[in-house]
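To start, the structure itself, in structure tokens.
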Amino acid sequence: MTSRFGDALNAPGGHALYVFSRDAPGQGSTCYGACSKRFHPFIVKQTPQARDAVKQALLGTAQRRNGRLQATYAGRPLYFYYDEVDPGEVLAQGVTEFGGTWWVVAPSGQPLQQR
């Protein structure tokens, strides 16, 4: 999707996907409890299939504490922001909450660190 921050990943349905600065690539999620109620993990049954500018080689999964699989991109867990209802909304870009900052992510795998 194209956002005011640049091209960014989105899930089926057009909702923006975020990465969390506290999540180190390849280390899984640090967002649980109250954090996961505001930033919902992108839960999948298997590795998602790439579309548009998304690179299949960067897609993956990480197991959460409850055993469910969370989609990852470039090794970073992906999340939805709970308050975004309409496709294409980006309301949590650059928000610092739960000990880290939330960014939409570019098809390159880099967080779009613009506010």
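Taken together, the values in this text are just the output of simple stated rules run on the coordinates, not laboratory data. On a predicted model such as this, the values are computed, not experimentally measured, just so you know. Counting neighbours? That spans all protein chains shown, and the Cβs are built from the backbone with ideal geometry, glycine included.
Observations
- Residues considered: ALA71, ALA92, ALA11. Largest GNM mean-square fluctuation over the chain, using C-alpha springs under 10 Å, is found at ALA11.
- In loop segments of the stretch 18-106 as defined by DSSP, there are no GluC sites (Glu not before Pro) with at most 11 further C-beta atoms inside 10 Å of their C-beta.
- Converting phi to 3J(HN,Hα) with the Karplus coefficients 6.51, -1.76 and 1.60 and the offset θ = phi - 60°, the stretch 21-31 yields 4, 6, 7, 6, x, x, 10, x, 7, 10, 9 Hz in sequence order, with x at every glycine or proline.
- Candidate values [x] 7.4; [y] 6.3; [z] 8.9 were compared with mean projected area of the Cα convex hull in nm² computed on the shown model; the agreeing label is [y].
- Comparing ALA50, ALA16, ALA62 in a Gaussian network model of the chain (Cα springs below 10 Å), the most mobile by mean-square fluctuation is ALA50.
- Alpha-carbon centroids, the stretch 32-55 and the stretch 85-115: separation in whole Å: 13 Å
- Inter-probe distance in nm under a simple model that places probes 7 Å from Cα toward Cβ, at ARG51 and ARG22: 3.2 nm
- Summary value for the stretch 2-104: 37 percent relative contact order, contacts being C-alpha pairs under 8 angstrom separated by 6+ residues.
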